[in-house]
1. Could we say that GLY197 is on the phi > 0 side of the Ramachandran plot and in contact with a Gly (Cβ under 9 Å, 6 or more places away or on another chain) here?
2. I'm checking my understanding of the structure. Among residues of the stretch 148-177 that are surrounded by 13 or more Cβ atoms within 10 Å (Cβ to Cβ) and charged (D, E, K, R), which one is nearest to the chain's Cα centre (by Cα)?
3. Would you mind telling me which numbered condition in (1) of a type in the set (Ser, Thr, Tyr); (2) free of Cβ contacts under 8 Å to residues at least 60 places away in the same chain; (3) surrounded by 14 or more Cβ atoms within 10 Å (Cβ to Cβ) SER99 fails?
4. Looking at GLY69 and the list (1) at pLDDT below 90; (2) of a type outside the set (S, T, N, Q); (3) at negative phi, which single condition is not satisfied?
5. Please specify each residue of the stretch 270-282 satisfying the condition of being surrounded by fewer than 15 Cβ atoms within 10 Å (Cβ to Cβ) and part of a strand (DSSP E or B).
6. Kindly provide the set of residues from the stretch 255-275 that are out of contact with any helix residue (DSSP H, G or I) (no Cβ under 6 Å at 6 or more places or on another chain), free of Cβ contacts under 8 Å to residues at least 24 places away in the same chain and closer than 17 Å to GLU213 by Cβ, ordered by number.
7. I'm trying to understand the selection: among the residues of the stretch 129-140, which are touching a helix residue (DSSP H, G or I) at 6+ places or on another chain (Cβ under 9 Å), at pLDDT 95 or above and either charged (D, E, K, R) or farther than 22 Å from GLY92 by Cα (or both)?
Amino acid sequence: MAANAASRLPVPAPGPQLLVGERPGRWLRRSRRSAAALPLAQRLPQRIGTWLALGFLTLSAGVGIVLGGHLETLRANYGEPHHMLASLVGFGIDRVTISGIAELSEIEVLVAAGIDSKTSLAFFDADEARKRLEAAPMIREATVRKLYPSEVAITLTEREPFALWQVKGELFVIAADGTVIDKMDDGRFAHLPLVVGADANNRAREYLALRSEAGAMASHIRAATLVSGRRWNLKLDNGMDVRLPEIAPAEALKRLVSLQSDYRIMEKDLLAIDLRQPDRVVMRLTEEGAATRADQLKNNKTKKKGGEA
């Protein structure tokens, strides 16, 4: 009977088994502590494993690139590895803002700053870029700022082109203080006044002040040559040379203006006008003018002899 009753008792659901002699309360406390600690213990090995796997893949890819001879190709296409990686994670240079330019082009500024499509913002040296920009003759002052995540801001103060300077067969653009800005290699500055000769760049201001005394004739002055560092010779657009004195050249130039106004000397067959003497004007004729003048003198003499006869 007892045996039959026992056989009819419900069978307990399977679950954790208690060890012999262990109190249930103690097992439950250990179980809760183990359940809380288990995820933390699992996360650390998982993270280490992930980083090791990524590191291994990166190392494998790098070794494959080097051994396969593709490193130079990658550099040519995407830049140095550190720039390439920085760009891949979102720190490339997507925008460059440039302010303060007048004569320079955006491309010239980017080249001077060392910025191209392969440069990343993370490894871009703004101070070095500033130094490179200020080393450019056309730039007097520069400011360079990095604006994360992907922008560079450049502010420039250009040197203002003042005149052209020709020396030893080469032509340069100069600032008002005589500083050489750049070599003249295009037509952007062809409109600037031209000074010629050694040290003429440092006296360009003096020449332009003198030129202002020429009034309407100023537009006919094509260039000024500094002679022996003492005085100026002017070249007019009709090819005529005007020799000015060392002392009071502005007064001599006013005399030239008067000669043009009274005698239209620019329309004469003259090679040069010498104004170095305050009390006289010496003129040199062209070959054609000299021949014409000789014929006139010859005819005058013939007429004179005929009249006497």
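The values are calculated or read from the model by the stated rules, or taken from the named source; none is laboratory data. All values derive from a computational prediction rather than experimental measurement. Glycine gets a Cβ as well: all are built from the backbone with ideal geometry, and neighbour counts include every protein chain shown.
1. yes
2. Among those that are surrounded by 13 or more Cβ atoms within 10 Å (Cβ to Cβ) and charged (D, E, K, R), it is GLU158.
3. The failed condition is (3).
4. Every listed condition holds for GLY69 apart from (3).
5. Within the stretch 270-282, LEU271, VAL282 meet the criteria.
6. SER258, SER261
7. Residues satisfying the conditions are ARG130, ARG132.
Here is a yes/no grid of residues against (1) acidic (Asp, Glu); (2) at positive phi:
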site	(1), (2)
SER219	no, no
ALA223	no, no
GLY229	no, yes
LEU256	no, no
ASP262	yes, no
ASP269	yes, no
